[in-house]
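See below for the structure under consideration.
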Amino acid sequence: MLGKHNAAGARKTMNQDKPSARLRTMYGQRSEKNPVVKLGPDIKAKIGMQLRLMYGEVVDQGVPDRFVDMLKRLDDPNCEGK
Amino acid sequence: MGLRKNVREAMLEAVPSLRAFAISLCGNVDRADDLVQEALLRAWANMGSFQPGTNMSAWLFTILRNLFRSEYRKRRREVEDVDGSYAESLTSLPEQNSRLEIVEFRNALKLLPSEQRESLILVGASGFSYEEAAQICGCAVGTIKSRVNRARSRLAEILAIDSASDFGPDRETRAVANSDVVRTNRS
């Protein structure tokens, strides 16, 4: 019983010394001092999926003709650069 | 001649992803395409500065980003249209719901500081490692990690995908479990 009290006391002191450790234990909770919220893996996954959807929307368009033409012209020995 | 051919092919291959990145930077398809074209021409003219064996895609992204920073930002006149020319140019997605979701997501992304936005896109969508993204943005790896975390937090906030229905029950379960432990210890 005494041991338990000591352990609890030590933990309390440690947390007071390190506010960042205290914030980390508040998993998932918002804090004014710490604007970066620790997000769960499900939320990260959802954001990742949305990002790739959005990005993929453009990537799926492939290479527009203007770039195909432009890159062809680059290989033309009569036409350096532009 | 071999190098020129390789560079040309690598450029062609990188165009779709470069466009997606450029659109996320300047928010307008026409200007993004101009930016990509300029970046490719600059890369071609500076082919000698590419170190064989390193990631050519990252090299092209670096050139595009620097170009945007140095020239396009100076020219920026107005706040980009949120759902103007870009949204109109992409209306062919079969599912209207996912289309709306993407528009909403894109708009939320625009509310982020540009450094956070580009970091998140390079890592989360372009598929670069934190190290490569740091190289492209010319900053420390830790800075990229911090920007990506902040970007995710802010997006979750804007899109309210940290609503109670998403992970609230889990948190409540933990809280109940913890309070039970406390009661048990005290009794």
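What follows draws every value from the coordinates through simple rules; no lab data is involved. Worth saying up front: this structure is predicted, and the values here are computed from it rather than measured. Heads up, the Cβs are rebuilt from the backbone with ideal geometry, glycines too, and the neighbour counts pull from every protein chain shown.
Averaged across the residues of B:2-9, what count of C-beta atoms belonging to other chains lies within 10 Å of each residue's C-beta?
1
Volume per residue, Å³, of the convex hull around the alpha-carbon atoms of region B:1-71?
Convex hull of Cα atoms, per residue: 78 Å³.
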remark   = A correct fewest-to-most ranking of B:VAL148, B:VAL36, B:VAL103 by other Cβ atoms within 10 Å would be B:VAL103, B:VAL148, B:VAL36
key: Proxy reagent accessibility, fewest Cβ within 10 Å first, across B:PHE50, B:PHE61, A:PHE67   = B:PHE50, A:PHE67, B:PHE61
remark   = Expected integer from the mean partner chain Cβ neighbour count at 10 Å over A:41-50 is 6
query = Hey, with R₀ at 41 Å, roughly what FRET efficiency would B:ARG42 and A:LYS38 work out to, going by the Cβ-Cβ distance, to 0.05?
reply = 0.50
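Per residue of B:118-127, what is the mean number of Cβ atoms on other protein chains within 10 angstrom of that residue's Cβ? Present the calculation step by step, with values, prior to reporting the outcome.
Working: counts 0, 0, 3, 3, 0, 2, 9, 10, 4, 2.
Per residue, the number of nearby Cβ atoms from other chains is 3 on average.
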key: Nitroxide proxy distance, nm - points 7 Å out along Cα→Cβ at A:VAL63 and B:SER146   = 4.0 nm
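Take B:TYR130, A:TYR55 and order them by how many other Cβ atoms sit within 10 Å, fewest up front.
Neighbour counts put them in this order, fewest first: B:TYR130, A:TYR55.
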